[in-house]
Structure formats: C-alpha cells, structure tokens
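Report on the following structure.
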Amino acid sequence: MDRVIFLHTGELWLDRPIRVRGGLPPSLAARILEAPRRTMERICQVALREDVDLVVFSGNMIDCSRASPCDLDLLVKTFDTLARSNISIVWMAGEAEERGPWPAELPLTDSVYVLSAEELQQRQIPTRKGPVEILVCPSPCPWDAAREALLPHKPDQLVIGLTRSQSAEEL
C-alpha cells in the first residue's frame, strides 16, 4: 500500500460561536463569531493543498438541533468539495451529533462514513491508495475486545483507532 495521508480534526461546534468572557471590541467580536466556519473552510483548503486521502472528523462538529441553514450548508459543501477530489471522509459522531440527527433532506455524499462511538466497531474505509481500517471504541474502551477485533492485521495495513473522550459527567 502506498503511503496514506490523513488529516484529523474535531470539536469545531459549527453551530456555536466561541465564547469569550468579558467584552470584545466589535471588530474582534465579528471574527470570533465566524471562527468555527472559517476553521472548517481552512481544514478543507489544507486537505486539498496537501492532497490528503482521508479526513477524519472526530465528533462535535455540529448540533443539528441548533444549527442554522448556513452551518448545515457549509458542512455539506465541505464534504462535497472533498468528495470531488476523491478524499474519503470519516465522521465519528460525538456529543453534539447525538443531540440532533442529521436532516434527511440533506443527503451526505457516498464518501462520508458516519460512525458512532456508542459501541465497538471496525470499518474498512476505501481511499484512493487502498483501504484503511478504522476502529471506534466507546468510552471507556473495552481494550481486550478492541485488540481481538483488530489483531492480527496485515503488516502493511493502516489502522486508525478513535475513541470518544469522557464527558464532564463521566469524569
């Protein structure tokens, strides 16, 4: 297998502006409000510029129960742009995604693989350089079961493990 290049990101919370204590000058406040959206645009630009094979979004990207049409549109356009460049997308659902399901009226492109961290699962994700194994573990991760699910694997096989961090209530 050729070298696979992937980009990993998460916790963008597109539907929520960054909160800053205290007052901000109006010129800075506008930039802070747009920061999550501009970050998503930059992630897409980096993925295209670096010619990555896979982008992994590991949760808390968007709460669809609160998201604006612009937020949803940005995510769909980002995924479509990546797909047109033959970049596979893994989206592991997090706390935000569990609050509101993705709208059925906005189908995602076939190159988006949505995974849940509710249970141990292994998925083979196709990329232009060959398949990548994704192992998703709930929190806390059952490491013995995870090891059994993945081992043995082929020496040239890329395996990416994802787990959801604990919420404040779980800590």
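With a point put 7 Å past each Cα toward its Cβ, work out how far ARG16 is from SER65 in nm, to one decimal. With each label point 7 Å from Cα toward Cβ, the separation is 1.3 nm. Please report how far the C-alpha centroid of the range 64-92 lies from that of the range 1-43, rounded to the nearest whole angstrom. Measuring centre to centre over Cα atoms gives 14 Å.
With K and R counted +1 and D and E -1, the other residues having a Cβ less than 13 Å from that of HIS8 yield a net charge of -3.
The GluC sites (Glu not before Pro) of the range 1-54 meeting both criteria, a DSSP state outside H, G, I, E and B (loop) and at most 13 other C-beta atoms within 10 angstrom of the site's C-beta, are GLU50.
A short reminder: the numbers here are calculations on the coordinates, not readings from a lab. None of these values were measured; they are calculated from a predicted model. Quick reminder, even Gly has a Cβ in these numbers, built from the backbone with ideal geometry, and neighbours come from all protein chains shown.
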